[in-house]
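Structure first, commentary second.
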Amino acid sequence: STYVLDLNDKPSEKCGVLNVTKITENGKKIRKNWTSSWTVLQGSSLLFAKGQGGSTSWFGSNQSKPEFTVDLRGGSVEWASKDKSSKKHVIELKTRQGMELLIQSEIDSVINDWYRALTETISTHAWE
Ligand code: I3S
């Protein structure tokens, strides 16, 4: 099962499990590789760590090391069009560094909260 743990009400601090794949890196299209990731929004950074499969195991040691980090400043977020993925509830995130990611959850309230948090973060940090 998937659930979200909100550390507080601020959109700048949020974490939970999402399905993630990069689709473009350094401006080049790459092959999708959907993985379940423990995802943390911290200030203007979005951190992804490989999921462990279990629902509570993210407190285990492997989870503390981020797989990769995305700088949201100057990025954009939108709902992915149907041609980007056959999955439902998919967000397309583009960074200023030329990375494009798809992030997805089967639970629409979860993905809606992330959409809001990412949008707010990008607009909050727009002038940095
Ligand atoms: O956009 P694509 O290329 O149809 O994406 C699908 C593929 O990456 C597929 O793996 P293969 O690399 O073995 O073709 C994945 O299993 C699918 O999940 C990808 O599409 P969705 O629609 O799930 O994003």
Exercise. Could you count how many residues in region 67-86 are among the charged types (D, E, K, R) and more than 19 Å from THR39 (Cα to Cα)?
Worked result: 3
Seminar exercise, completed: Counted residues in region 78-121 being surrounded by 15 or more Cβ atoms within 10 Å (Cβ to Cβ), of a type in the set (A, V, I, L, M, F, W, C), without any contact (Cβ under 8 Å) to a residue 60 or more places away in the chain and farther than 13 Å from LEU18 by Cβ come to 1
Exercise. Exactly one of (1) among the acidic types (Asp, Glu); (2) under 16 Å from the mean Cα position of the chain (by Cα); (3) modelled with pLDDT of 95 or more is unmet by ASP83. Its number?
Worked result: (2)
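The values are calculated or read from the model by the stated rules, or taken from the named source; none is laboratory data. In this text, all values refer to a predicted model and were calculated from it rather than measured experimentally. For neighbour counting, all protein chains shown are included, and Cβ atoms are generated from backbone atoms with ideal geometry for every residue, glycine included.
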